[in-house]
Amino acid sequence: SLIKSSKKICKKTLVSIFINPSQFNKTNDFKNYPKNLKKDISILKRLKVDYLLAPNVKEIYINKKNSKINLKKKDKVMCALYRPGHFEGVLAVINQFLIKIKPKHIFFGEKDYQQLLLIKKFIKNKFKITIHKCPTIRSKDNIALSSRNVLLSKTDIKKSSYIANLILNFKRNMKRNISFKKHLKNIIHKINNIKKIKIEYLEIRNKINLSKHYNRNNFKIFIAYYNNKIRLIDNY
């Protein structure tokens, strides 16, 4: 979907594929992360992408000066809090890519919403680039599409679908101004009672700056949880 968005706007489209070790907190998570470059390339060819950048680790981290990024304390919430070093690793790689590629436009999915806002903040005064946010793509079960989904069993998928529908319904109730604090506790209780599901966080935040000051017109619901040890994130 990002590629299709790019092709509508840009004369040339470049796709980067890089599984970045510095943004993984656990070695096993990095090892088990789905990787299939051959399949990816076949998709890019079918979509007639002009360029592919698929560097190795040494090529990205050759300049250590450009690979050290620090987050501000106020930005260390949600995934930044539970995965220390993760977004620092993401921003370091984005910085390297932008220095090398010098694009006019860059496209990100809203599924990684916190990442999107941090990247926008990071590049604001550093690069002259237009950032395009692309809507989250969901399966028929309302699960946000993610590389990690291939690691889920049919039972796991049913559980994630149940969680997604619970939160989507909760969001509709919030917009109708039903007492959301009581409902949020009920949702957390229901999710925690599902076998092999463990919530890391379930929070409502301002969608513009991720603060806890929000109203019915500017909020998003964020969740990170483990489904049979597979970590999934989403926002609604």
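The values are calculated or read from the model by the stated rules, or taken from the named source; none is laboratory data. The model shown is predicted, which means the values in this text are computed figures rather than measured ones. Neighbour counts are summed over all protein chains in view; Cβ atoms, including those assigned to glycine, are modelled from backbone coordinates with ideal geometry. Accessible surface is based on the protein model in full, side chains and every heavy atom, while ligands, DNA and RNA are left aside. Shrake-Rupley method; radii C 1.70, N 1.55, O 1.52, S 1.80 Å.
Take the conditions (1) closer than 18 Å to Arg148 by Cα; (2) surrounded by 17 or more Cβ atoms within 10 Å (Cβ to Cβ); Met78 misses just one of them, which is (1). From the list Lys126, Lys121, the one residue that fits, being outside any helix (DSSP H, G or I), charged (D, E, K, R), more than 20 Å from Ile3 (Cα to Cα) and open to solvent by 20 Å² or more (accessible area, probe 1.4 Å), is Lys126. Of the residues making up the stretch 1-16, just one is of a type in the set (D, E, K, R) and surrounded by 15 or more Cβ atoms within 10 Å (Cβ to Cβ), namely Lys7. The single condition among (1) open to solvent by less than 40 Å² (accessible area, probe 1.4 Å); (2) assigned to a helix (DSSP H, G or I); (3) farther than 30 Å from Tyr61 by Cβ that Tyr113 does not satisfy is (3). Of the residues Ile101, Ile143, Ile187, the single one that is open to solvent by less than 40 Å² (accessible area, probe 1.4 Å) and farther than 19 Å from Met78 by Cα is Ile143.
Check Lys72, Lys35, Lys26, Lys76 and return the single one that is farther than 25 Å from Lys229 by Cα and among the basic types (Lys, Arg). I'd like the intermediate steps shown before the answer.
Values: Lys35 fails: farther than 25 Å from Lys229 by Cα; Lys26 fails: farther than 25 Å from Lys229 by Cα; Lys76 fails: farther than 25 Å from Lys229 by Cα.
Answer to the check: Lys72.
Residues of the stretch 26-76 that are in contact (Cβ under 8 Å) with a residue 24 or more places away in the chain, assigned to a helix (DSSP H, G or I) and farther than 20 Å from Glu88 by Cα: Asn32, Leu44.
Scanning the stretch 144-186 for residues that are under 30 Å from Lys39 (Cβ atoms), without any contact (Cβ under 8 Å) to a residue 40 or more places away in the chain and among the hydrophobic types (A, V, I, L, M, F, W, C) turns up Leu145, Ile157.
Residues considered: Lys72, Lys58. Of these, the only one that is of a type outside the set (S, T, N, Q), open to solvent by 90 Å² or more (accessible area, probe 1.4 Å), over 21 Å from the mean Cα position of the chain (by Cα) and within 26 Å of Ile99 (Cα to Cα) is Lys58.
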